[in-house]
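A short worksheet on the structure shown next.
The values are calculated or read from the model by the stated rules, or taken from the named source; none is laboratory data. The shown structure was predicted, so the numbers you read here are calculated from the model rather than taken from an experiment. Cβ coordinates were reconstructed from backbone atoms using ideal geometry, including for glycine residues, and neighbour counts include every protein chain displayed.
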Amino acid sequence: MPTTEIRMTETELIEGCLANDRLAQRELYQRYKDAMYTLAYRVMNEGELANDVLQEGFVKVFRNLHKFRRESTLGAWIKTIIVRTALSKVKRQPRFEEIQDHHRSGYVDWGTRLDTEYLERAIGNLPEGYRMVFVLVEVEGYTHKEVAQLLGISVGTSKSQLFYAKKKLRELINAMH
């Protein structure tokens, strides 16, 4: 017999969590865990580290939910916490090279034989700095200014890392075919 699930609104979810309602806390976690794990995995490039980030991130979410000002969606706020948690967990500082001579090409022809598996594998094989900028800008939709602030780099470095990430992705994808 199928059960009908009553989903709380975002406001009900927040209020329930703030009141220590375990059902609301469980629903919040269930609602966002898959997307946040995927984000953590893309940044960390390793499943166990992504699980650590997910756990630490949700602990921060529940501890700091009272600080959520509702200036964005709850999901966007949680995503920021997960990204910051992942970035703080990166063992070494990513190495970014200032490259003054990059071309601005908005369109990248990935070819016709690209599928999710190839793309995920290629993203995972990018050098750490390229991968973090690519995931944050192209996958998660952060601006170069936001990425620069999160990573402690210049906007120009973020742009050049993205340019070279796309170039390297093309090479990796071509090598996989």
Those residues that are outside any loop (DSSP other than H, G, I, E, B) and within 16 Å of residue 13 (Cβ to Cβ), I need them from region 68-80; list them, please. 74, 75, 76, 77, 78, 79
With respect to residue 49, is the statement that it is touching a residue at least 60 places away in the same chain (Cβ under 8 Å), under 20 Å from the mean Cα position of the chain (by Cα) and closer than 24 Å to residue 137 by Cα true? no
Is it true that some residue in region 9-27 is of a type outside the set (Val, Ile, Thr), within 16 Å of residue 79 (Cα to Cα) and modelled with pLDDT of 95 or more? no
With the first residue restricted to region 17-41 and required to be more than 17 Å from residue 64 (Cβ to Cβ), and the second required to be exposed (fewer than 14 other Cβ atoms within 10 Å of the Cβ), Cβ contacts under 7 Å at 6 or more apart or on different chains are 41/47
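Considering only residues that are charged (D, E, K, R) and surrounded by fewer than 19 Cβ atoms within 10 Å (Cβ to Cβ), look in region 121-132 and name the one that is farthest from residue 88 (Cα to Cα).
121
Can you work out which of the residues in region 133-159 that are of a type in the set (Ser, Thr, Tyr) and surrounded by fewer than 20 Cβ atoms within 10 Å (Cβ to Cβ) is nearest to the chain's Cα centre (by Cα)?
For region 133-159, the residue satisfying everything is 143.
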Looking at (1) more than 23 Å from residue 132 (Cα to Cα); (2) surrounded by fewer than 15 Cβ atoms within 10 Å (Cβ to Cβ), which is the only condition residue 27 fails? (2)
